[in-house]
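Presented below is the structure to which this report refers.
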Amino acid sequence: MNPVRVRFAPSPTGPLHIGGLRTALYNYLYAKNKGGAFILRVEDTDQNRYVEGAEDYIREALNWAGLKLDEGPDVGGDYGPYRQSERRKIYQSHIQTLIDNGQAYYAFDSAAEIENMRTQLEQKGVHSPKYNFETRMQMRNSITLSDAEVKTLMDASAAYTIRLRVEPQQEIGFEDIIRGRVVFNSSELDDKVLMKSDGLPTYHLANVIDDHEMKISHVIRGEEWLSSTAHHVLLYRAFGWESSMPKFAHLPLILKPTGKGKLSKRDGQKMGIPVFPIQWNGSDEMFGGFREMGFLPEAVVNFLAFLGWNPGSDQEIFTLEELMKAFKLTDVSKGGARFDFEKAKWFNQQYILTSDASILVEELKKQLKEVNIERSEDFLNAYVELFRPRIERLADLFEAGKYFFQKVDQYNNKMIRKKWKENGIITYNFITENLAQVSQWNAANCKSVIEDGIAACDSSFGEVLPLLRLALSGDVKGPDLFDTMKCMGKLFVIDRLKSAPNVFDQLIAES
Ligand code: GLU
């Protein structure tokens, strides 16, 4: 068996859509499952659509997701160059073979002439006319022109494209690993342009030549390329490479959260959800990313793996390593996969719960730096432990417990009015005084002072705990009260407990 070699072949025409990252992930998982190679090939032959910075973006996104390349423009490898714009000579020599054996031909028609042919046929009632086995005979190409005419045009440097000569009535079939047997009839196909007038290959030609030259064993790509595969198979035939053609697997579409239609980059903006792995700062457009929204890469990878695949068991949390072991292309579904942002948040939450504290502390430090706040490592570590079960995104770390760092900016007035009453007030003050006497400040001691206070004042948890919480955080919910007190520190807690009664009285008076 030939070694497994797969490629992720993006065109650097803008940021990598989250669906592109899923394609990269499935390629990676398949390769690693089989002990094969994961290759990055940059398909940059369309100069008009080239976007500065897109290639760097792709690399950064792959790197963030932890998909390590075995070969590619930066890492090198035995089958380079890995950027198509650097492979012109290879395409030139291969296309010559097709011209020589009559499988491809020169076409000198201008855009206006082709348009004219289409309009005329449309007027005659032909539905979406093509440059194909029928119409080519009315056009100016090396099939209809004499050799002398062709030579004259060539000598005069007339612009031309090179087209694939597609003969009608051939069955084009291949086995798709996900979809089963797929069959096309060549009569439906046009004579695809293989080489453009700028001397650069089109996607189809470059893709097939490179997959062959790079000994790609499996082409794993989005469903949108399924119909192109018909031309690709014809190209493999034309080159005489059909017997060593890669195997194909076309991945399902990623659908909008509503389940209707393909997820587009505009959906992200419309629905306030990220559809890009990392932020894109283009010259004319900007898109937010999962990374900047506070997602852990492991969570995004786990979420993406499940967009179109499942292991056939109840297990949902998979490390990259575990995914590598479990992943099978034959378990990928044919039908579109709904992009469920709530599920993405759920995965993130699961990873935040188990993530290394240092990752959370680093993230929190970044957020604190923006507001010029510094705290000790001990404090930050205790804080992230309190808040990791309470957030869905890393970006919410600081916001979730802002009252640990800054004055309470909002009080739950309704609860204050309900709870700031006689017996509660007496117990609260009693406990505050006793807490001020605690010499060893820890959660257990805070707890016993509070319990003793409640007993001594003949009060109850329900009467006083909400008041302590309101004083410390402004509200009645939050992480464990005793751990909160421990983390905040004695001076901070006593200060807040002592100043809160004035605030409460004032709020009640104002309401
Ligand atoms: N360059 C194509 C893209 O942008 C590659 C498709 C393929 O994998 O063949 O997705």
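Derivation of every value follows stated rules applied to the coordinates shown; laboratory data play no part. Owing to the predicted nature of the structure, the values given are computational and were not obtained by experimental measurement. Note that we place each Cβ from the backbone using ideal geometry, even for glycine, and neighbour counts take in every protein chain shown.
How many nm separate the modelled label positions at LYS366 and GLN92, each set 7 Å beyond the Cα in the direction of the Cβ?
4.6 nm
From the phi of every residue in the stretch 26-40, what ³J(HN,Hα) in whole Hz does the Karplus formula 6.51 cos²θ - 1.76 cosθ + 1.60 yield, where θ is phi - 60° and glycine or proline is x?
5, 4, 4, 4, 4, 4, 5, 4, 9, x, x, 10, 10, 10, 9
Once fully extended, how much extra length lies between LYS262 and THR13, figured as 0.36 nm per residue of separation less the alpha-carbon to alpha-carbon distance? Show your work: numbers first, answer last.
On the way: separation 249, 0.36 × 249 = 89.64 nm, distance 1.89 nm.
Extra length available between LYS262 and THR13 comes to 87.8 nm.
Identify the chymotrypsin sites (Phe, Trp or Tyr not before Pro) of the stretch 1-56 meeting these criteria: DSSP loop state and at most 16 other C-beta atoms within 10 Å of the C-beta. Provide the component values of the computation, followed by the final result.
Numbers: sites: PHE8, TYR26, TYR28, TYR30, PHE38, TYR50; in loops: TYR50.
Sites meeting the loop and neighbour criteria: TYR50.
Only Lys, Arg, Asp and Glu count, each charged at its Cβ (+1, +1, -1, -1), so figure out the dipole size of the stretch 364-511 about its Cα centre, rounded to 20 debye.
Working: 21 positive and 21 negative charges, 71 e Å.
Computed charge dipole of the stretch 364-511: roughly 340 debye.
Please report VAL476, VAL301 as a ranked list, fewest other C-beta atoms within 10 angstrom at the top and most at the bottom. Could you put the intermediate results ahead of the total?
Values: VAL476 17, VAL301 25.
The most exposed by this proxy come first: VAL476, VAL301.
Test of understanding: what is the full-extension gain from SER333 to SER187, defined as 0.36 nm times their sequence separation minus their Cα-Cα distance?
Working: separation 146, 0.36 × 146 = 52.56 nm, distance 2.98 nm.
Here the segment from SER333 to SER187 would lengthen by 49.6 nm.
Using DSSP to define loop residues, name the GluC sites (Glu not before Pro) in the stretch 25-102 whose beta-carbon has at most 16 other beta-carbon atoms within 10 Å.
Working: sites: GLU43, GLU52, GLU55, GLU60, GLU71, GLU86; in loops: GLU43, GLU52.
Hits after loop and neighbour filter: GLU52.
Please report the spacing between the Cα centers of the stretch 80-100 and the stretch 439-511 in Å, no decimals.
74 Å
If neighbour count is taken as other Cβ atoms inside 10 Å, put LYS256, LYS419, LYS498, LYS192 in order from fewest to most.
Working: LYS256 18, LYS419 21, LYS498 14, LYS192 24.
The most exposed by this proxy come first: LYS498, LYS256, LYS419, LYS192.
Looking at this model, which pairs from LYS345/LYS486; LYS130/LYS270; LYS270/LYS414; LYS418/LYS498; LYS325/LYS366 are more than 27 angstrom apart at the alpha-carbon? Can you show the working numbers first?
Values: LYS345/LYS486 30 Å; LYS130/LYS270 37 Å; LYS270/LYS414 35 Å; LYS418/LYS498 20 Å; LYS325/LYS366 35 Å.
Flagged as over cut-off: LYS345/LYS486; LYS130/LYS270; LYS270/LYS414; LYS325/LYS366.
Which one, LEU251, VAL193, VAL233, projects farthest toward the positive side of the charge dipole computed for the stretch 186-313 from Cβ point charges (K/R +1, D/E -1)?
Result: LEU251.
Note down the magnitude of the dipole of the stretch 295-336 about its Cα centre, charges +1 on Lys and Arg C-beta and -1 on Asp and Glu C-beta and zero elsewhere, to the nearest 20 debye.
220 debye
Non-local amide H neighbours of ILE254 (under 5 Å, H modeled in plane, Pro and chain starts lacking H): which ones?
HN-HN under 5 Å from ILE254: LEU263, ALA337.
Treat the count of other C-beta atoms within 10 Å as a stand-in for reagent exposure and order ASP100, ASP340 from fewest to most. Please list the in-between numbers first.
Numbers: ASP100 9, ASP340 16.
Final ranking by Cβ density, sparse to dense: ASP100, ASP340.
How high is the relative contact order of the chain, in percent, with contacts defined as C-alpha pairs under 8 Å that are six or more residues apart? Don't jump to the answer; show the numbers that get you there.
Details: 730 pairs, mean separation 60.1, N = 511.
Across the chain, relative contact order equals 12 percent.
To the nearest 20 debye, what is the magnitude of the charge dipole of the chain about its Cα centre, counting +1 on the Cβ of each Lys and Arg and -1 on the Cβ of each Asp and Glu? Write down the numbers at each step before the final one.
Numbers: 63 positive and 71 negative charges, 148 e Å.
Dipole size: approximately 720 debye.
Under a 5 Å amide H to amide H cut-off, with H placed in plane at 1.01 Å, what residues pair with LYS247 once short-range neighbours are removed?
Residues meeting the amide H criterion: HIS218, VAL219.
Per residue of the stretch 449-466, in order, report the coupling 6.51 cos²θ - 1.76 cosθ + 1.60 (Karplus, θ = phi - 60°) as ³J(HN,Hα) in whole Hz, putting x for Gly and Pro.
After applying 6.51 cos²θ - 1.76 cosθ + 1.60, I find 4, 5, 4, 4, x, 4, 5, 4, 9, 6, 10, 9, 4, x, 7, 10, 4, x Hz.
Counting other C-beta atoms within 10 Å, and keeping those with at most 12, which DSSP coil chymotrypsin sites (Phe, Trp or Tyr not before Pro) do you find in the stretch 450-511?
Working: sites: PHE461, PHE482, PHE492, PHE504; in loops: none.
Here no loop site has a sparse enough neighbourhood.
Quick one: Karplus J couplings for the stretch 327-332, per residue in order, coefficients 6.51, -1.76, 1.60, θ = phi - 60°, nearest Hz, x for Gly and Pro?
5, 9, 5, 6, 8, 7
Of VAL126, HIS204, ILE143, which is farthest towards the positive pole of the stretch 109-221's charge dipole, taken about the Cα centre with +1 and -1 on the beta-carbons of Lys, Arg and Asp, Glu respectively?
In the stretch 109-221, that residue is VAL126.
Given the options VAL449, ILE425, PHE339, identify the residue whose Cα lies farthest towards the positive end of the charge dipole of the chain (+1 on Cβ of Lys, Arg; -1 on Cβ of Asp, Glu).
Toward the positive end, the furthest listed residue is ILE425.
How high is the relative contact order of the stretch 165-285, in percent, counting Cα pairs under 8 Å that sit 6 or more residues apart?
On the way: 134 pairs, mean separation 26.6, N = 121.
Relative contact order comes out at 22 percent.
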